[in-house]
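Notes to accompany the following structure.
The values are calculated or read from the model by the stated rules, or taken from the named source; none is laboratory data. Treat the numbers as computed from the prediction; the structure is a model and nothing was measured. Glycine gets a Cβ as well: all are built from the backbone with ideal geometry, and neighbour counts include every protein chain shown. Calculation scope for accessible area: heavy atoms of the full protein, side chains included, ligands and nucleic acids excluded. Shrake-Rupley method; radii C 1.70, N 1.55, O 1.52, S 1.80 Å.
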Amino acid sequence: VYDVFRGRLIFPVWLDQKRLTGFGGRIIPPLFDEETLQRYPKYLNSPETAVYQKSKILYGLPHAMPALREQGHAYIVEGYMDVVSMHQAGVRNALATCGTSLTELHVKKLSQLVKKVTVLFDGDDAGRNAAGKSFTTFLNSGIDVAALFLPAEDDPDTIALKYGAKSAQYLDSLPRKTLLDCHIEYLIGKFGASEMRELGSALRAAAAADCIPLLRDI
């Protein structure tokens, strides 16, 4: 018998200001040897229960509520530490999912709270693909959503450390991209190109055929 969360920094996940719904644990590397670190996941969450459903819960929501009401805008980041660092730097409208992708239930919750969402992604290919895939989740949600791609050497945690109280101003200065554009780039990317003009006529027609059903739904 052993503690499931042994050797981990624990992040309580709050349903509201009074009710705790689950936990997330980030492994503390110096406490384990390399072989053990390879076997254990970096983050471990409480198992799904009637009260802890990752597809519905946004980490940091109870603490972000005043800023969400005031600004009508939410930043979606990837991890618990990103949320903590952003809040400490004054970006108090930062939220994260609990180890899962954004779902339609998350988006429904957001649509009840804000009119604008900015999703922070890494600037690499994986981040751009994630942005493209997330578009359909927000489709016709009533939320004005954009992607913000961070420089390769940064994530929300490092931005908070670098810019401190000016983190919000720095994020505001970065260019945004609509998720529709990201999604079209993702569809084109499946054919091995970054722009439609790079494709020959046959592949261009195939890429366009992928886009048509999406455009019909908008």
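Here are a few things to note about the model shown:
- Distance cut-off 28 Å, percentage of C-alpha pairs in the chain lying past it: 36
- With both labels modelled 7 Å from their Cα along Cα-to-Cβ, the Ala126 to Phe32 distance reads 1.7 nm.
- In this structure, the amide hydrogen of Cys98, modeled 1.01 Å from its nitrogen in the peptide plane, lies closer than 5 angstrom to those of Tyr59, counting only residues at least 5 positions away or on a different chain.
- Carbon/sulfur fraction of accessible area - region 20-139, other protein chains in place, 1.4 Å, %: 51
- Shape call, region 72-164: gyration tensor on alpha carbons, a/c limit 1.5: oblate
- Lys pairs under 17 Å by Cα in the chain, provided they are eight or more residues apart or on distinct chains: 9
- Nearest-20 debye value, region 32-134 charge dipole, Cβ charges on Lys, Arg, Asp, Glu: 680
- Ordering 185-196, 53-64 by mean Cβ neighbour count within 10 Å, with the highest value first, yields 53-64, 185-196.
- Over the chain, dividing the summed -39,500 (n - 2.57) contributions of all DSSP H runs of at least 4 residues by the number of residues returns a 222 nm mean residue ellipticity of -12500 deg cm²/dmol.
- Carbon and sulfur %, accessible surface of region 155-218 computed with the full protein complex present, 1.4 Å: 57
- Solvent-accessible area per residue, Å², over the chain with all protein chains present [probe radius 1.4 Å]: 56
- Spatially, region 1-73 and region 103-179 are offset by 20 Å when compared through their Cα centroids.
- Spacing of the two label points (7 Å from each Cα toward its C-beta) at Arg197 and Ala209, in nm: 2.5
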